[in-house]
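Data block below; observations after.
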Amino acid sequence: MKDLDLYGLIALVLVLVGGINWGLFGLFNVNLISAILGNMLGRLVFIIVGVAAGYLIYLWYKEKKKV
């Protein structure tokens, strides 16, 4: 995953934001995404973060298959 395209970079940023949010939730019981965007839109963001994580797994698998 050395050379990420635009979709890969967006997916990486989304997964990082999701990871930071889960860290905050685990440490301080603060759901920052839902606090900023509201409950319904926050759930949509979590779905998008999950899809982004799946896309990064796909890219990782595809790169590993090359080697």
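Some values worked out for this structure:
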{"read-out": "Odd one out for residue 63, checked against (1) modelled with pLDDT of 95 or more; (2) in contact with a Lys or Arg (Cβ under 9 Å, 6 or more places away or on another chain)", "value": "(1)"}
{"read-out": "Boolean, residue 4 is modelled with pLDDT of 95 or more and of a type outside the set (Lys, Arg)", "value": "no"}
{"read-out": "Enumeration of residues in segment 18-67 that are touching a residue at least 12 places away in the same chain (Cβ under 8 Å) and more than 15 Å from the chain's Cα centre (by Cα)", "value": "63"}
{"read-out": "In segment 10-67, the residues that are open to solvent by 100 Å² or more (accessible area, probe 1.4 Å) and not in a helix (DSSP H, G or I)", "value": "29, 67"}
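The values are calculated or read from the model by the stated rules, or taken from the named source; none is laboratory data. What you are looking at is a predicted structure, and each value in this text was computed from that prediction instead of being measured. Note: ideal-geometry Cβ built from the backbone for every residue, glycine included; neighbour counts use all protein chains shown. These area figures cover heavy atoms from the full protein model, side chains too; ligands, DNA and RNA do not enter into them. Shrake-Rupley method; radii C 1.70, N 1.55, O 1.52, S 1.80 Å.
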